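Engineer: Handing you this structure, nothing more for now.
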Amino acid sequence: MNSSNIYSIIMEQQPTACSSSVQMPSSLPRPAGENNFKRISRTEDNNPFPIPGLAADILHMRVKEGSKIRNLLQFAAARMQGEGSNSNGTSLRQVLFTGSGRGVTKTITCVEILKRKVEGLHQVSKLYYKTVKEVWKSPQQGAPGITMERSVPAICILLSKDPLDPQEPGYQPPQIISGPTEDAERRRGLFRTARAHSFQHTAKRLCLDDSSVCFP
């Protein structure tokens, strides 16, 4: 499943309104702007991932908005290319990438790059929603804060050297990489440039974590 397809599914499944519960006394004067409040905690639900049969010791790469793609890929690629092993001492065969909110874009990017570094990977992608609870502190001394609960889009992508169930929704077979000819390389370069332009245009229209904040 490529990036454009995943974005289309997210936009189709995006709820019309976030499920939020805000606790603020009516007597409390509203601040001049939302930026006056400071977030002091953010917790996410720990529900199981919607991919069946995941091993307990699978390599789990949690991708966040501020994560460095280079660091994530260096670690994941080294482990998948035989420089690491699981608890049983065997080489790693699978890796799970997860991200939510504004981390969804970076999660997809990590997966697409790793599939080019490690060939022959089977893939299963799942889109879902997870509940996030945030506590915001008021700038006014002694004033109560705000507690919000909302649903944000999330994604989990399993990459495996071993075959996966092709009947599983979200399954994608390994990519077929053609021989390195000059014409093929040039076409791939043009495709990457066009896709990057389209990717940036789509990202501007996609608000994942908050209706008032969109990707740059």
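The values are calculated or read from the model by the stated rules, or taken from the named source; none is laboratory data. A quick note: this is a predicted structure, and the numbers were derived from the prediction, not measured. For neighbour counting, all protein chains shown are included, and Cβ atoms are generated from backbone atoms with ideal geometry for every residue, glycine included.
Engineer: What are the pairs, 6+ residues apart or on separate chains, where a residue within the range 42-57 that is surrounded by 10 or more Cβ atoms within 10 Å (Cβ to Cβ) has its Cβ under 9 Å from a residue that is acidic (Asp, Glu) and not in a loop (DSSP other than H, G, I, E, B)?
Structural biologist: From residues that are surrounded by 10 or more Cβ atoms within 10 Å (Cβ to Cβ), the pairs are Arg42/Glu134; Thr43/Glu134.
Engineer: Could you check how many residues of the range 68-81 are over 17 Å from Ile58 (Cβ atoms) and part of a helix (DSSP H, G or I)?
Structural biologist: To start, the set of residues in the range 68-81 that are over 17 Å from Ile58 (Cβ atoms) comprises 68-71, 73-74.
Filter once more, so that each one left must be part of a helix (DSSP H, G or I): 69-71, 73-74.
Here the count works out to 5.
Engineer: Considering the range 105-132 alone, what residues qualify as being within 15 Å of Gly170 (Cα to Cα), within 14 Å of the chain's Cα centre (by Cα), surrounded by 16 or more Cβ atoms within 10 Å (Cβ to Cβ) and of a type outside the set (Lys, Arg)?
Structural biologist: Ile108, Val111, Val124, Ser125, Leu127
Residues are listed down the side, and each one gets a yes or a no for (1) touching a Lys or Arg at 6+ places or on another chain (Cβ under 8 Å); (2) at pLDDT below 90; (3) basic (Lys, Arg):
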| position | (1), (2), (3) |
| --- | --- |
| Val95 | yes, no, no |
| Val111 | no, no, no |
| Lys115 | no, no, yes |
| Gln123 | yes, no, no |
| Tyr128 | no, no, no |
| Glu134 | yes, yes, no |
| Gln140 | no, yes, no |
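Engineer: Looking for whichever is farther than 19 Å from Ala76 by Cβ and surrounded by 21 or more Cβ atoms within 10 Å (Cβ to Cβ) here; the options are Pro153, Pro144. Which one fits? Outline the logic, then answer.
Structural biologist: Details: Pro144 fails: surrounded by 21 or more Cβ atoms within 10 Å (Cβ to Cβ).
None of the other options fit; the residue is Pro153.
Engineer: Select from the range 133-149 the residues that are over 32 Å from the mean Cα position of the chain (by Cα) and under 10 Å from Ile40 (Cα atoms) and list them in ascending order.
Structural biologist: Passing the criteria: none in range.
Engineer: Now, a different point. Among the numbered criteria (1) closer than 27 Å to Glu168 by Cα; (2) in contact with a Leu (Cβ under 9 Å, 6 or more places away or on another chain); (3) at pLDDT below 95, which single criterion is violated by Gly84?
Structural biologist: (1)
Engineer: Could you list, in sequence order, all residues of the range 89-104 that are in a loop (DSSP other than H, G, I, E, B) and either under 15 Å from the mean Cα position of the chain (by Cα) or hydrophobic (A, V, I, L, M, F, W, C) (or both)? If you could, list the steps in order and put the result at the bottom.
Structural biologist: As a first pass, look at the range 89-104 and keep what is in a loop (DSSP other than H, G, I, E, B): 89-90, 92-93.
The answer is Leu92, and nothing else.
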